[in-house]
Structures are given as C-alpha cells and as structure tokens.
Number of protein chains: 2
Amino acid sequence: MDIVILGSGNVATQLGKTLADTGYNISQIWSRKLANAKVLAELIDTDYTDRLDALNRKADLYIISVVDDAISDLLRQLTCLDNPLEGMVVHTSGSTPIEIFQKAFDNYGVFYPFQTFSKSKLVEFGKIPILVEASDKPQLDLLKNLAASISDDVRLASSAQRKSLHIAGVFACNYTNYLYSIAQQLLEENNLDFDLIRPLIKETADKVQLHAPKDVQTGPAIRKDLSILSDHMKFLEDKRKWQEIYKLLSDQLIALATKK
Amino acid sequence: MDIVILGSGNVATQLGKTLADTGYNISQIWSRKLANAKVLAELIDTDYTDRLDALNRKADLYIISVVDDAISDLLRQLTCLDNPLEGMVVHTSGSTPIEIFQKAFDNYGVFYPFQTFSKSKLVEFGKIPILVEASDKPQLDLLKNLAASISDDVRLASSAQRKSLHIAGVFACNYTNYLYSIAQQLLEENNLDFDLIRPLIKETADKVQLHAPKDVQTGPAIRKDLSILSDHMKFLEDKRKWQEIYKLLSDQLIALATKK
C-alpha cells in the first residue's frame, strides 16, 4: 500500500514511523513547513514537500494529521487541485466528525490512535486502541486491516463516541499532566525534587489499571477533612491559579462524598 | 522495638503490615472503632483495643495514623491518661506540623510515607519516599533507622516542606484520580469501556518518570486549538461540573501557551 502523510506533528511522526517500520511504503510527507516535513521524511527515508500541487496523486491512502483547526481548509485546497487525489483520504482527529469529508471525497474515513504522542518519546503501538470509521464497507475493511497490522486493539466507533473519548482523554491525560506540572512547581519552590512525587504519580495510574477510579479515590476532600482543605487553600494564597483549581476540585469531591 | 499503632485506616494498615512483616513487634492496635482495630490486628496477629486507658504504656514508639482533624483531640486525651506514655510519639500526616506535639510530649516526631494507600491494594514500601522530622537528634536517628529498614528513600523535611509535598500530592494523585473518574463516566455514558483509556493513563504517568511535565504537555488547550475547545465545551453542556473543570484548566493552559 502506498501512503502519503500530510502533517509532521507528534501523531504524524509516531504513526508514520510505525507504518514505515511495519513495511508500508510511505511515499511522501507533506507539511506546511518544509523543514518539518524534512525531519519526518528523513526519519523514515522518503520524499517530502510543502506544496500541495506537488502531492503524489497515485497513493492508495492519504493520512491527514494536522491540528483540527486546519483540517477543513486543507480539504478545500485538496479538492481544488488540478488532478484530484485518487486514493482514500482519512484524518487522525478525535473530535472532527467524519462528515467533514462528505462533500469533498468519495472514499474517506477516520483513523484515530488513542494515545498521547510526543516527538521525543517513541510509543509502542501494539496496545494502543485505534478507532476507525469509514464511508463504506470496503474502506472500513481497509482501515481495519491497516490498524490491525500495528495494534491489537482496533474498534469501530461513531464520530460522537470518538469525540467523547477525546474529551475523556483531555481530562485523563492533558489535564492530568497539567496537574503534574503544578505539583512540580510547588515542590521546586519548596526546594524539593520532582523525583519525590514520581512514585506517587506512577502508583496513581497503576491503581486504576485494575480498579475503578471512584473506588480508589483518596485525599482530604473525599474524607471531608475540612481543616486540611482550608489549610491548603491558605498555603496557596499567593498562587491564585492553583488555588482556583484546588477549590473547584475539592468542592466537587466534597459534594460527591456528601451524596454517598 | 515495641510499636503501638493508633488508627486503622489505609496508612495504618499498610504501614502496620509492612513493619510487622519486616520483623518489628507491633504489640497493639488502637482504633476508635473496635471492629476496625480488630481487622488490622488480625491481619498482623496482635492485640487490639478501642479504649485509650487500655493502651500499652511500655511501647518504644506510638504511631498515630488518624485523619488530621482528629490528631489534636487524640493527643489531648493521651496526655490526660493516668499513666502517661513513655515512648516516642509520631504522626504520619503530611500537613500537620510537628509543633502539634510540643506541649504534649518530650520525644516526638513525624513519619510521613508519601504514597497513596488503599486497604485493597498492597503497596511495596521499598521505593516510597519517607519524610522524617523529630524533636531531637536521638529521636531523629530512631525514625531514620526505622524508615531505612522499609524504604530506600528516606529524607529529612521540615513541616513546611512536608505540607508543600502533601499539596503537590493532592494535585498529582487525588485530583488526577478524580479526573480519571470523570473520564470513566464520560466513556460509560457513550457506551465505551474504561479499558480504552487505561493505556493512555499509564503512558501519561510513565512519560513524566523521565521528562518534566511541562515539556510533554499535549492537547487542544496547549495548542490553542480554539474550535476544538469550544466544541468540547458544547459537548459538556449538560455536565456543568465537568464543564467548569474543563474551562478552568483549558483557560490556564491557553494562558501558559500564550506566555511562551
């Protein structure tokens, strides 16, 4: 299968590398910034361009992996090309519905690997859920097979389900990581090392691999330990942003504890 | 060393079990609720009571592991006993300063194992940081030795440092776990399994074992992907509590991204 990747961000990089390593022919990388296209193209030893009119028109599959905000504009430009693309077109976004392709292409779909990707840390795809959706049965089969060749966990999901999963991921990953960074700054300001809290972060994530989060909720808020909570609020008095988060989350946990 | 444990919660249970397994003589468990004292006492095969006047007066060390709100009242009752305690008295709290002992006892300290404990999941103490503080050098040495016999990571920390660490833990563990539980509910309401997000949770925690959280922050907010953010806010419209969290955290991340 001949694949073109449009994008050079974290998902494009990790997915492109994995597909190339699995034996697929990634024939071209396109990115709005030529330098970025080059970095990924060199990683997997292929061609690159920043010009849409130079796109390989004969690929079987075009994987669009750009920020959500840029997808619809990119699709519009693709449909305006002199020689239209012949292959299937997919995006890798959690929150962009499949309908975005409807008027632009005949064969299309969504290929959403659900994980947090950064360029610096290579990720094993084997256990990463991949959610697929497509315009028709043959395209769906193509995506299912592609997904199954790099992951053990391939699922069919509607655009609404995919969006709910994306939002769940924002809470459980993006916002969680932000809480980690608040913890780090708090420690550093008190001359303590972030290493101190790494085992706790790991244990917190490990615990919910086997248990439901609500069954292992701990801390002063769920115990309604009000004197500690007000003590902590006071400690954060000159950190208004963190204090706001502390208050909102503790209030909600207290409400939960009270309902029980 | 003869140790009495006052308390029967998560920390008392895990610490008591670990000390007993390491060979210390846990001579008695006290808890306000006899049934709870009994459960822990049976786990480590020792005596138990719910009466403070029945406390073993000859122990070398009394470990107080009750909710923070209850510590000062318990200390008052202990000082009013007919035959005062002879050994050293410590608590295991992150946020209660060492000064709480000052007028009540001569030999005292703090023994704070920094981890999230639940009764249902046994924890390996070996890698858990234990923060100690004591009334004087001999007591500090006693606590350091005790800590070193169950953990490789023993540190001296002031009450202010300990409190900052506790607050950091509330963010990185308690509030993180609450975000996990929001993710779970979101998925279940959309007929998706929590299993889908477990690899992401694990990867998010694994990533910061080697990197600084701020260097691996991902998601629509840090990318300032405003259309996705407003789309997610809309999706959460009938979940006002979660929407509030979503908005507060995305606003702060956008502000961070803008400052850069």
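The values are calculated or read from the model by the stated rules, or taken from the named source; none is laboratory data. Computed from a prediction, not measured in an experiment: that's the story for all the values here. Cβ atoms come from the backbone with ideal geometry, glycine included; neighbour counts cover every protein chain shown. The accessibility values were calculated without ligands, DNA or RNA, using every heavy atom of the protein model including side chains. Shrake-Rupley method; radii C 1.70, N 1.55, O 1.52, S 1.80 Å.
Examine region B:16-32 for a residue that is in a loop (DSSP other than H, G, I, E, B) and aromatic (Phe, Trp, Tyr), and state whether such a residue exists. Taking every residue of region B:16-32 in turn, at least one turns out to be in a loop (DSSP other than H, G, I, E, B) and aromatic (Phe, Trp, Tyr). Among residues of region B:236-246 being more than 8 Å from chain A (Cβ to nearest Cβ) and in a loop (DSSP other than H, G, I, E, B), the one that is nearest to residue B:176 (Cα to Cα) is B:239.
All of A:65, A:93, A:151 fail the test of being touching a Phe, Trp or Tyr at 6+ places or on another chain (Cβ under 6 Å), within 14 Å of chain B (Cβ to nearest Cβ), closer than 21 Å to residue A:24 by Cβ and not β-branched (Val, Ile, Thr), apart from A:151.
The set of residues in region A:150-167 that are over 23 Å from residue B:227 (Cα atoms) and either out of contact with any Ser or Thr (no Cβ under 6 Å at 6 or more places or on another chain) or part of a helix (DSSP H, G or I) (or both) comprises A:151, A:152, A:153, A:154, A:155, A:156.
Could you go through region A:170-189 and let me know if any residue there is of a type in the set (D, E, K, R) and more than 14 Å from the chain's Cα centre (by Cα). Within region A:170-189, one or more residues are of a type in the set (D, E, K, R) and more than 14 Å from the chain's Cα centre (by Cα).
Please give the number of the condition residue A:136 fails out of (1) surrounded by fewer than 21 Cβ atoms within 10 Å (Cβ to Cβ); (2) of a type outside the set (A, V, I, L, M); (3) within 19 Å of residue A:29 (Cα to Cα). The single condition residue A:136 does not satisfy is (3). Taking the stated definitions as given, is residue A:67 in contact with a strand residue (DSSP E or B) (Cβ under 8 Å, 6 or more places away or on another chain) and under 25 Å from residue A:33 (Cα atoms)? Here the answer is no, as residue A:67 does not meet what is asked. Residues satisfying the criterion are present in region B:95-112 (criterion: closer than 23 Å to residue B:148 by Cβ and open to solvent by 40 Å² or more (accessible area, probe 1.4 Å)). Considering B:192, B:165, the condition of being within 7 Å of chain A (Cβ to nearest Cβ), more than 17 Å from residue A:94 (Cα to Cα) and touching a strand residue (DSSP E or B) at 6+ places or on another chain (Cβ under 9 Å) is satisfied by B:165 alone.
Scanning region A:196-235 for residues that are closer than 21 Å to residue B:248 by Cα and at the interface with chain B (Cβ under 7 Å from one of its Cβ atoms) gives A:221, A:232, A:235. Residues in region B:217-231 that are surrounded by fewer than 20 Cβ atoms within 10 Å (Cβ to Cβ) and not in a loop (DSSP other than H, G, I, E, B): B:226, B:227, B:230, B:231.
Look at residue A:112 and say whether it is at negative phi and in contact with a Gly (Cβ under 6 Å, 6 or more places away or on another chain). Yes.
Taking the numbered list (1) modelled with pLDDT of 95 or more; (2) away from chain A (no Cβ under 11 Å); (3) within 16 Å of the chain's Cα centre (by Cα) in turn, residue B:139 passes all entries but (3). Considered as a group, the residues in region B:150-166 that are within 14 Å of the chain's Cα centre (by Cα) and in contact (Cβ under 8 Å) with a residue 24 or more places away in the chain include one that is nearest to residue A:185 (Cα to Cα), and that residue is B:165.
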